[in-house]
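Working notes, beginning with the structure itself.
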Amino acid sequence: MSAEIIDGKAFAEQLRGRIAERVAQFVAQAKRKPGLAVVLVGEDPASQVYVRSKGKATVAAGMESFEHRLPATTGEDDIIALVSRLNADPKVDAILVQLPLPSGMDDKKVIATIDPAKDVDGFTIANAGRLAVGEDALVPCTPLGSLMLLKDRLGDLSGLEAVVVGRSNIVGKPMAQLLLQENCTVTIAHSRTRNLAEVVRRGDIVVAAVGRAEMIRGDWLKPGATVIDVGINRVDGKLVGDVAFADAAHVAGAITPVPGGVGPMTIALLLRNTLVAAHAREGLPAPVGL
Ligand code: NDP
């Protein structure tokens, strides 16, 4: 193995430390804690684990966590009414609706109800549009965390070839927008891409956000590439990424592990976005260096 392992867990811990310091400053200025409301509908076990760890991390950073757990039988109108109440609640700076919602519910309609100023995941059309035109936005946590890891390792990304595999609104598309803002030459690949291995081999940077266990092989990579593996797949009770890690680590210059890479960054960026939203709501300048 020759690749450097990008330790997202350690990076996220340091970031959470810096966020906690800024939260204390915010509390001193605003005389209240930043608040994150999480809405979980149904009993999906993975979502329950995510929501629990998000709540714990929020409190550990010195913020308020408001958890709303609703049964899967809750009507869409009731969820929308709850989101509207949270929009109006002065203690709530940020709202996260845990996706996916139980089948039969319209994720898009519920997300569209979130006030863009409180849209901590950056999933509303307003925030996606602002990101696309290069205006200040709340940016989806996973791609923003992935970008931080890339900049930490590579510094200036200008002119690099970046290949993003996956074009979801949650990961692939915002990742591509962020890399474009950093002046990368960006290719977005997806399930209809021809000769995927050849396309991936162009990348000085490869971001894998597919949801297929170990699909991207070592011999698909340009030697020395920096690989960000967003994928979380459960195989025989073990978590693996979208990249065949052992194989890829012989070719890549640096690679994120699964677990311990992008996952911890997502939670840290959720806290960061909550704090950013809280500053904006109080009319305070955005916290720098986060
Ligand atoms: P989606 O299922 O929404 O999107 C998957 C994308 O991969 C689609 O654009 C799809 O293409 C593409 N794809 C599927 N099969 C292939 C293939 N054979 N070749 C090329 N492209 C393919 O997933 P998400 O973006 O929501 O998530 C991706 C992964 O990241 C998942 O494993 C998820 O669990 C993980 N994830 C991890 C997070 C973290 O914190 N670490 C946070 C969010 C997600 P098409 O559009 O053509 O169908």
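The values are calculated or read from the model by the stated rules, or taken from the named source; none is laboratory data. The structure presented is a predicted model; accordingly, all values stated were derived computationally and were not measured. Positions of Cβ are generated from backbone atoms using ideal geometry, with glycine treated the same way; all protein chains shown enter the neighbour counts. The area values use the complete protein model at the heavy-atom level, side chains included, leaving out ligands, DNA and RNA. Shrake-Rupley method; radii C 1.70, N 1.55, O 1.52, S 1.80 Å.
Overview of results
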read-out: Computed FRET value (nearest 0.05) for residue 246 with residue 194, which takes r as the C-beta separation and R₀ as 30 Å; value: 0.65
read-out: Note, ³J(HN,Hα) from phi for segment 75-85, Karplus 6.51, -1.76, 1.60, rounded to Hz, x at Gly and Pro; value: x, 4, 4, 5, 5, 5, 5, 5, 4, 5, 5
read-out: Amide proton proximity set for residue 4, modelled H, under 5 Å, gap of 5+; value: 254, 255
read-out: Reachable lysines, given that their alpha-carbon falls under 30 Å from the alpha-carbon of residue 238 and they are not under 8 places away in the same chain; value: 9, 54, 56, 151, 173, 222
read-out: Hydrodynamic radius by Kirkwood, which averages 1/r over all alpha carbon pairs of segment 45-111, in angstrom; value: 13.0
read-out: Positive-end residue of 168, 265, 227, charge dipole of the chain with Cβ unit charges; value: 265
read-out: Percentage relative contact order, segment 24-128, counting C-alpha pairs under 8 Å, at least six apart; value: 29
read-out: Which of 156, 242, 44 is most accessible, then next, and so on - probe 1.4 Å; value: 156, 44, 242
read-out: Diffusion constant of the chain at 25 °C, which comes from Stokes-Einstein with the Kirkwood Cα-pair radius and 0.890 mPa s, µm²/s; value: 126
read-out: Rounded Å value of the spacing that divides the Cα centres of segment 229-245 and segment 99-144; value: 26
read-out: Long-range amide H partners of residue 123 with built H, under 5 Å; value: none
read-out: HN-Hα J in Hz across segment 210-218 - Karplus 6.51, -1.76, 1.60, θ = phi - 60°, x for Gly and Pro; value: 10, x, 10, 4, 6, 5, 8, 8, x
read-out: Heavy atoms of residue 232 accessible to a 1.4 Å probe, total area in Å² rounded to 10; value: 100
read-out: Accessible-area order (highest first, 1.4 angstrom probe) of the listed residues 148, 63; value: 148, 63
read-out: Principal semi-axes in Å for segment 1-139 [√(5λ), Cα gyration tensor, largest first]; value: 26, 20, 18
read-out: Percent antiparallel among DSSP beta bridges (both partners in the chain, rounded to 5); value: 10
read-out: HN-Hα J in Hz across segment 101-116 - Karplus 6.51, -1.76, 1.60, θ = phi - 60°, x for Gly and Pro; value: 6, x, 4, x, 9, 9, 3, 4, 5, 5, 4, 5, 6, 5, 4, x
